[in-house]
Amino acid sequence: MTMDTRIRDVRGLETRPLFDMAIDLEAPLNIGGPLGHRALFGAARGTFEGPKLRGEVLPGGGDWALFRTDATMNLDVRITLRVDDGAQVYMSYSGRWTTPPELRPEMGDSATRHLVDPDRYYFRTAPMFETGAPNYRWLNDIVCVGFGYFIDGGVAYRVFEVL
């Protein structure tokens, strides 16, 4: 098969750190449903910090997670960030958390899942932002990727801007 001549050799993905974020989660609200098990993990509070912005995750958002029958979780997260100068930023992201079968007993225990090495499971996100704050409008025009992992009481992410 011949390669389509319209395909160009473009550079690969490059990223730079945007921020690290930790979110404390409320106890899940188990909803159920026909597509798998739906649960809401409310964001109780949190923090984020990076080279260009830092602040807090406000209560009231959360993850409307869907635990699929194949043991992958689809994330549907919406939260509000308050930057340390008072500006507010809406952050939403989808993603996937996939746990290999041999790790499921360890990851199923909320008291100890944060002790499992994040390199042993797949937890990736695609954050997007919206804000009207003049100093942060640049966030409206970027694409990001995030690497998630569990911490005591919640989740954490390393978020990178795709260049």
Quiz item: If you take the beta carbon distance between Trp64 and Asp84 as r and set R0 to 25 Å, what does 1/(1 + (r/R0)^6) give as a FRET efficiency, to the nearest 0.05?
Solution: 0.35
Self-check item: Descending Cα extents along the principal axes, the range 1-71, whole Å
Solution: 53, 41, 16
Quiz item: Length gain on complete extension for the stretch Asp152 to Leu35, per 0.36 nm per residue less the alpha carbon to alpha carbon distance?
Solution: 39.2 nm
Exercise. Please sort 103-113, 32-42, 80-90 by packing, taking for each peptide the average over its residues of neighbouring beta carbons within 10 angstrom, highest first.
Key: 80-90, 32-42, 103-113
Exercise. First obtain the Kirkwood hydrodynamic radius of the range 65-163 from its Cα pairs, then insert it into the Stokes-Einstein equation at 20 °C and 1.002 mPa s, and state the resulting D in µm² per second as a whole number.
Key: 144 µm²/s
Quiz item: So for the range 1-128, Kirkwood radius off the Cα pairs, Stokes-Einstein at 20 °C and 1.002 mPa s: how many µm² s⁻¹?
Solution: 126 µm²/s
Practice problem: Grab the beta carbon distance between Trp138 and Arg96, set R0 = 30 Å, and tell me the FRET efficiency rounded to 0.05. | Solution: 0.65
Quiz item: Around Gln88, with a cut-off of 11 angstrom between Cβ atoms, what is the net charge of the other residues, counting Lys and Arg +1 and Asp and Glu -1?
Solution: -2
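Only the coordinates and a few stated rules stand behind these numbers; no lab work does. Because the structure is predicted, anything quoted here is derived from the model rather than measured. Backbone-built Cβ (ideal geometry, glycine too); neighbour counts: all protein chains shown.
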